[in-house]
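Asks: For reference, the structure I am asking about is given below.
The values are calculated or read from the model by the stated rules, or taken from the named source; none is laboratory data. The structure presented is a predicted model; accordingly, all values stated were derived computationally and were not measured. Neighbour counts run over all protein chains shown; Cβ positions are idealised from the backbone, glycine included. Areas reflect the complete protein model, heavy atoms only, side chains present, ligands, DNA and RNA absent. Shrake-Rupley method; radii C 1.70, N 1.55, O 1.52, S 1.80 Å.
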Amino acid sequence: MAKRIEVRIAGLGGQGVVLAGQILGRAAVYDGKSVVQTQSYGAEARGSAAKSEVIISDNKIAFPMVRKCDILVAMSQQALDKYISDLKGNGILLVDTLIKKIPETEAKLFKVPATKTAEKTLGNKLYANVVMLGALIKETRITSLEAMEKAIRESVPEKVREANLNAFKEGLKLG
Amino acid sequence: MSSKFSIQRYLRGLVFPFCPGCGNFIVVNSFLKAVHELGHQDLSGFVFCSGIGCAAWIPSPYFLADSIHTPHGRSIPVATGVKLFRPELEVVVFGGDGDLAGIGLNHLIHAARRNVDIKVIMVNNMVYGMTGGQVAPTTPFGTVTTTTPYKSFERPLDVTRLIAAAGANYAARWTTVHPEQFKEAVKKALKIRGFSFIEMVSQCPTAFGRRAGFKNVAEMLQWFKQNSILKEKAEKMNWKELEGKIVIGEFVCRQEPTLGDNVRQNIWRKTHG
Amino acid sequence: MASLLGSGVYFWQGNEACAYGAIAAGCRFFAAYPITPSSEIAERLARLLPLVDGIFIQMEDELASINAVIGASWAGAKAMTATSGPGFSLMQESIGYAFMTETPCVIVNVQRVGPSTGQATKAAQGDVMQARWGTHGDYVPIVLSPNSVQEMFQLTVRAFNLAEKYRTPVILLVDEIVGHMREKIEVPPIKEICIVNRKKPKKGDRSFFAWAEVAPMPTLGEGFNVSVTGSTHDEYGVRFTADPEVHRRLISNLVDKIEKHRNDIVELEAWNTDDCSTAIICFGCTSRAVYEAVEEARRKGVNVGYVRLKTLWPFPAETIRRLAQRVEKIVVPEMNLRQLFYEVERAAYGMAEVTAVNKIGGGQIITPEEILEEILS
C-alpha cells in the first residue's frame, strides 16, 4: 500500500456516504494508520449532494482535504460527473450500477451493484453504502477485514449491526 | 416566628436609592416580612438574581445575601443555571415589567414552561422607570409617556395570566395597596416547589404618575384600590367591563413536578440504571 | 468516569473531542441552543453529562444559554456553552458580563460563513475580530484556536484551566473543518491530564473582585453574601455608577490580570523561524495547509518558517515584532477578508512586507498551492 491514499465517497444526502467514510476511517485507525475524514453536505438533510473524504497515511496528515483522489466511490450520477475529473489517472473508480453514463476514464473501473444487492439480499437499499465498502475493500485492501468489521460494529446502532455486517460480506462477494 | 421582625437583620445597611413614594419600599418590606414569618433568621440559603431596572436593585446589593445582578432581561436564565446546579438553594428573582416582560419575556415563558423551581417577583410599575419613563409592554392603553407623547397606542400584556397558562405552579397578582396579601403570596410561593410568579402592581410617581396625570402617590394608590377586582369576581365579568381593571388574586396554584425533579429523577435514574 | 473516558486511541470528530475534553476538564454544566456546525458538542454532552451527575440543558436561545452558564459557574460548576457565529453574536453582551464579573466559563464558537445566516454548514475564520472585540467597552479575552481533533480535546481542557486560573471567560474559536473532521486521537490517562480549579476564599473574606491578581471566587450558598454585578463595582461588589476612579481601577485590574500573564496564556507552535526569509502566521484549519506549503517551498529551495497561534488572543505582538526584524516577508493566510492580517501588520511595524491570502464562502479551505504561490511571489 502506498504511503498516502485519498478516498472520496460521493452521492446524495440520505445514501449514507458520510457514514461510509466514517467506517472506513475508523477501520484504518484500527489498522494503526493516521486518518483524516471530512465531509461536505448541504443544509438540507436529504437529497442534496453529499461527500465524504478519507485520507489514510502511514505518516502524520497535514492538509486534511482531498484534492486529486486515488479512489473515487460514486453513488450517484451527479457525484460521478462532478468528481471524475479529480480522480488520478492511475486511480480506482467504483460506481454503483444504477449509474448509467460512465465517462471515459483511464482509472481502473469497477461496476458494483451495491444498491441492487442491498435491495435484493438485505431488503433495503439503505445498506448500499456498506455493500459498497465491502466491494471497495475486496478490490483495494486499503484496510484489513478485521478492522473493517470492528469499525462497522462500532459505528452503527445495535439493532442494525448484523444487517450491516451482512451487507459488508455481500459487498466482499462483488466488485 | 420566634423573634420580632427587624428588617435590618436582612439588609447590608446601605441606603436604598429609590425615589420618595416608590412602591419598591413596600415590596422590600413585605417580602422580608414573609421571609421572617417563615422562620428565616437571615437570608442564608437564598440567592437573589435580578436584571436591570429599579426593581432589580431591590436585592442587589442591599440584601445581606448572595445576589447576582445580571445583564438586562437575563436574570431568569442565570437563576435557572444556579438552581439546576444547586437545587438546595432558594433562588428568587426580582425584576420590573420591562426587564421580565419586555426584553426578558422569552425566558420568563420558558421558565414557567419548564416549571423550574425559582420564585419570580415582578414589580409592575407599567413603565421603564430607570431610563426616564418610556412606554413599556405593560403600560395601559392611552397613557402619556416620554415615548408616547400623544398617548400609548399598544395594548398592555397580562403577564400573570400568560405565566399561569405557560405552566407555572403558582401565579398571583396584587398591588401595593395589598401588602398583606402580597406577603402571604410570597410565603406561599416560597413554600410551593416549582415555578412561582408574583406580580406586584406598583406606583412610580416619578416616571409614570406625573405624566399619566396623577398629582401624587396617594392618587395612584387610590387608582389601584378603585380598579382592583378579585379574580373570582372578574371571572363573571366580560372583557369590556374589565377594561382598565387590575385583576388581583391567585391565578394558579398546583404541585406539578419541577424541572429539577424531572432532570434528576427521570434522566439520572435512567443513566444510572 | 474512568469507563467513560478510558485512555487510548479513538476516531473522533472534533466536536466530539471537545465534549470529551470538557468532561475530562471537569465540566459539569452545559447549556446551549442548537446551531450548525456546533450541535454535535451539545448532542454528545447531552449523553455524557448525566453519566457524571452533570447538568445538560437546551435553552430557548443563546442569550439564555450563556447566562445559565454564568449562573451555574457562580453555583460552583465548571460550565460551558457552544455555538456558531449567529449565536456568538447574541452572546456578546454576556461575554462582557462574564469578563466584568470575573466568571470562569468556556464559550465554544465553531465558525461558519457569515455575516448573518451566511452558509451554515460551511467553514470560515471570520470571527477572529469579533472574538477579540465583540462586546462593548475595554476588555481582554482569552481565545484559543485548535487545528486538529487532538487539539480540540487538549485546548478544551486548557480553556477550562485558563478560565478557572484567571477567573475569566475563555473562547475556543474553532472552524467548521476542525469541528467536523474526524481524526485519530490519543486520549491520555485521566490522571495525567492537568486540571486547574478556581481559588476559593477563606472564611470571613469579603473582597472578591477587581484584584490586581486573581481574586478568590466564592460559591453561592456558602455564606459569603457575595454581590455580583455587571455594573462598575468595587472589591466588595458594591456598585459605583458614576465614580471614574472605581471604574478605572476595576478595568485596569481586569485587563492587567490577563496581560501580566501573557507568557502563561500565549501558546505558539513555531518552526524554523530563526533563519527563514519568509514566515507564515496562521491558525486553525488554515495551518494544516501551511504545513504542506512550507515543506514544498523548502523543497524548492525557499527558506520558510511559520508561527501558528494556538492562542489567538492575547495576540503575541512582541513575537511577531521580533520575527519581522529577521524576515523579509510575512504571509497571513486566513479564511476571511483580512482580520489577523492587520494585527500582524501592526506588530511588524513596517519592518517586513506583510501579505495576505484570503478566501471566503463555500467552506473552501485555503490550499497549500495557494499559500505556496504567495510565498514564491
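Asks: Kindly list the residues of the range C:324-345 that lie in the label zone of C:Asn303, defined by a backbone N under 17 Å from the point 7 Å along the Cα-to-C-beta vector.
Replies: C:324-331
Asks: Please turn the phi angles of the range B:146-151 into ³J(HN,Hα) values with the Karplus equation 6.51 cos²θ - 1.76 cosθ + 1.60 (θ = phi - 60°), one per residue in order, whole Hz, x for glycine and proline.
Replies: Residue by residue, the range B:146-151 yields 5, 9, 10, x, 9, 5 Hz.
Asks: OK, next. Ignoring ligands, DNA and RNA, how do C:Tyr166, C:Tyr349 rank by accessible area with a 1.4 Å probe, largest first?
Replies: Correct descending sequence by accessible area is C:Tyr349, C:Tyr166.
Asks: If the cut-off is a Cα-Cα distance under 14 Å, which aspartates and glutamates reach C:Lys202, setting aside same-chain residues fewer than 8 apart in sequence?
Replies: C:Glu222
Asks: Going 7 Å from the Cα of C:Leu4 in the Cα-to-Cβ direction, what parts of the range C:32-50 have a backbone nitrogen less than 13 Å from that spot?
Replies: C:44-50
Asks: What's the local net charge at B:Tyr170, with K and R +1, D and E -1, over the other residues with C-beta under 10 Å away?
Replies: +4
Asks: Can you list which of the chymotrypsin sites (Phe, Trp or Tyr not before Pro) found in the range C:191-227 are DSSP loop residues with at most 14 other C-beta atoms within 10 Å?
Replies: Listed in order of number, the matching sites amount to none.
Asks: No solvent, one uniform scatterer per C-alpha: report log10 I(q)/I(0) for the range B:18-271 via the Debye equation at q = 0.11, 0.13, 0.16 1/Å, two decimals.
Replies: Debye intensities relative to I(0), on a log10 scale: -0.55, -0.77, -1.17.
Asks: Trypsin sites (Lys or Arg not before Pro) within the range A:76-113: which are DSSP loop residues with at most 14 other Cβ atoms inside 10 Å?
Replies: Loop-located and lightly packed - A:Lys100, A:Lys101.
Asks: Same structure again: Mind checking which aspartates and glutamates have their Cα closer than 16 Å to the Cα of B:Lys4? Skip sequence neighbours fewer than 8 apart in that chain.
Replies: Partners within reach: B:Glu37, B:Asp42.
Asks: Additional query: With no solvent and one equal point scatterer per Cα, compute the Debye intensity ratio I(q)/I(0) for the protein assembly as shown at 0.05, 0.06, 0.07, 0.09 Å⁻¹ and report its log10, rounded to two decimals.
Replies: The computed values of log10 I(q)/I(0) come out as -0.33, -0.47, -0.62, -0.92.
Asks: Among the listed pairs A:Lys88/A:Lys120; B:Lys225/B:Lys245; A:Lys33/C:Lys310; C:Lys165/C:Lys260; C:Lys78/C:Lys257; A:Lys51/A:Lys173, which have their C-alpha atoms separated by more than 22 angstrom in this model?
Replies: A:Lys88/A:Lys120; A:Lys33/C:Lys310; A:Lys51/A:Lys173
Asks: Counting other Cβ atoms within 10 Å, which trypsin sites (Lys or Arg not before Pro) in the range C:121-182 have at most 15 and lie in a DSSP loop?
Replies: For trypsin sites (Lys or Arg not before Pro) across the range C:121-182 that sit outside H, G, I, E and B with at most 15 neighbouring Cβ atoms in 10 Å, the list is empty.
Asks: What angle, in degrees between 0 and 90 and rounded to the nearest 10, separates the Cα long axis of helix C:286-299 from the longest principal axis of the Cα atoms of chain C?
Replies: 30 degrees
Asks: Kindly report, to the nearest 10 Å², the accessible surface of C:Met351 as traced by a 1.4 Å probe over protein heavy atoms only.
Replies: About 80 Å², ignoring ligands and nucleic acids.
Asks: Read phi for every residue in the range A:7-13 and hand back ³J(HN,Hα) as whole Hz from Karplus 6.51 cos²θ - 1.76 cosθ + 1.60, θ = phi - 60°, with x for Gly and Pro.
Replies: Calculated HN-Hα couplings, in order: 10, 10, 10, 9, x, 10, x Hz.
Asks: Which value in Å does the Kirkwood hydrodynamic radius of chain C take, with 1/r averaged over all unlike C-alpha pairs and then inverted?
Replies: 21.2 Å
Asks: Skipping prolines and chain starts, which residues have an amide H placed within reach, meaning under 5 Å, of the one on C:Gly363, given they are 5 or more residues away or on another chain?
Replies: Placed amide hydrogens put C:Ala123 under 5 Å from C:Gly363.
Asks: Taking a probe of 1.4 Å and counting only protein heavy atoms, give the total accessible area buried between chains A and C in Å², rounded to the nearest 100.
Replies: 1800 Å²
Asks: Let me have the relative contact order for the range C:8-192, percent, based on Cα pairs under 8 Å that are six or more residues apart.
Replies: Across the range C:8-192, relative contact order equals 30 percent.
Asks: Specify which residue in the list B:Asn216, B:Val82, B:Val252 is farthest towards the positive end of the charge dipole of chain B, using unit charges on the beta carbon of Lys, Arg (+1) and Asp, Glu (-1), about the Cα centre.
Replies: The Cα lying farthest towards the positive end belongs to B:Val252.
Asks: Moving on to the next point. Can you give the FRET efficiency to the nearest 0.05 for C:Trp211 and A:Lys3, using r as the Cβ-Cβ distance and R₀ = 51 Å?
Replies: With a Förster radius of 51 Å, E is 0.40.
Asks: Which of the listed residues, C:Ser84, C:Pro37, C:Ile177, is farthest toward the dipole's positive end in the range C:8-192, when Lys, Arg count +1 and Asp, Glu count -1 at the beta-carbon?
Replies: It is C:Ile177, whose Cα lies furthest towards the positive end.
Asks: Now for a separate question. Starting from the Cα gyration tensor of the range C:117-196, take the square roots of the eigenvalues, sort them a ≥ b ≥ c, and report rounded, prolate or oblate (rounded when a/c is under 1.5, otherwise prolate if a/b is larger than b/c, else oblate).
Replies: oblate
Asks: Work out the charge dipole of chain C with +1 on the Cβ of Lys and Arg and -1 on the Cβ of Asp and Glu about the Cα centre, then indicate which of C:Thr319, C:Phe283, C:Val228 is farthest towards its positive end.
Replies: C:Val228
Asks: On to the next question. If I take every Cα pair under 8 Å that is 6 or more residues apart in the range C:268-376, average their sequence separation and divide by the length, what percent do I get for the relative contact order?
Replies: Computed over the range C:268-376, the figure is 32 percent.
Asks: Under a point-charge model restricted to the Cβ atoms of Lys and Arg (+1) and Asp and Glu (-1), what is the dipole moment magnitude of the range C:8-192 relative to its Cα centre, in debye to the nearest 20?
Replies: 300 debye
Asks: Something else about it: Can you give the charge dipole size of chain B about its Cα centre, rounded to the nearest 20 debye, using +1 on the beta carbon of Lys and Arg and -1 on the beta carbon of Asp and Glu?
Replies: Roughly 200 debye for chain B.
Asks: Would you please give the FRET efficiency between A:Asp86 and C:Arg248, computed as 1/(1 + (r/R0)^6) with r the Cβ-Cβ distance and R0 = 35 Å, to the nearest 0.05?
Replies: My answer for the efficiency is 0.05.
Asks: Right, here's the next one. Is the C-alpha gyration tensor of the range C:8-192 telling us rounded, prolate or oblate? Criteria: a/c under 1.5 is rounded; beyond that, a/b larger than b/c is prolate, otherwise oblate.
Replies: It comes out rounded by the Cα gyration axes.
Asks: Follow-up. Please list, in chain and number order, the residues 5+ apart from C:Val354 or on another chain whose amide H is under 5 Å from its amide H, with Hs placed from the backbone.
Replies: It is C:Ile330, by chain and number.
Asks: Compute for the range B:189-242: radius of gyration divided by Kirkwood radius, i.e. Rg/Rh, restricted to C-alpha atoms, rounded to two decimals.
Replies: Checking Rg against Rh, the ratio lands at 1.10.
Asks: Of A:Lys125/A:Lys169; A:Lys60/A:Lys150; B:Lys33/C:Lys199; A:Lys60/C:Lys300, which ones are farther than 26 Å apart at the Cα?
Replies: Flagged as over cut-off: B:Lys33/C:Lys199.
Asks: Just tell me which aspartates and glutamates come within less than 19 Å, Cα to Cα, of A:Lys111; anything on the same chain fewer than 8 places away is out.
Replies: A:Asp70, A:Asp81, A:Asp86, A:Asp96, A:Glu119, A:Glu139, A:Glu170
Asks: Something else now. What distance in nm separates the two pseudo spin-label positions at C:Glu43 and C:Glu318, each 7 Å out from Cα along the beta-carbon direction?
Replies: Here the answer is 4.5 nm between the modelled labels.
Asks: Measure off 7 Å from each Cα along the Cα-to-Cβ vector at C:His136 and C:Leu268, then give the distance between these two points in nanometres to one decimal.
Replies: Reported label-point gap for C:His136 and C:Leu268 is 3.5 nm.
Asks: Now, a different point. For helix C:317-326, report the angle its Cα long axis makes with the longest principal axis of the Cα atoms of chain C; keep it between 0 and 90° and round to the nearest 10°.
Replies: 20 degrees
Asks: Turning to a different aspect of this structure: Could you give the nm distance between label points at B:Asp42 and B:Arg264, where each point is 7 Å from its Cα heading toward the beta carbon?
Replies: So the two model labels end up 2.5 nm from each other.
Asks: Suppose accessible area is computed on protein heavy atoms with a 1.4 Å probe; arrange C:Trp133, C:Trp271, B:Trp268 from highest to lowest.
Replies: C:Trp133, C:Trp271, B:Trp268
Asks: Classify the range A:109-167 as rounded, prolate or oblate from the Cα gyration tensor: take a ≥ b ≥ c as the square roots of its eigenvalues, call it rounded if a/c is under 1.5, otherwise prolate when a/b beats b/c and oblate if not.
Replies: Oblate is the answer for the range A:109-167, as a/c is 1.5 or above yet b/c matches or exceeds a/b.
Asks: While we're here: About its Cα centre, how strong a charge dipole does chain C have in debye, to the nearest 20, once Lys and Arg get +1 and Asp and Glu get -1 at the Cβ?
Replies: Dipole magnitude for chain C comes out near 760 debye.
Asks: Something else about it: Can you list the residues, at least 5 places off or on another chain, whose amide H is less than 5 Å from the amide H of C:Val108, using H built in the peptide plane?
Replies: C:Thr81, C:Ala82, C:Thr83, C:Leu172
Asks: Between A:Arg161 and B:Arg113, what is the FRET efficiency for a Förster distance of 35 Å, r being their Cβ-Cβ separation, to the nearest 0.05?
Replies: 0.35
Asks: What ratio of Cα Rg to 2.2 N^0.38 Å holds for chain A?
Replies: Dividing the Cα Rg of chain A by 2.2 N^0.38 Å gives 0.93.
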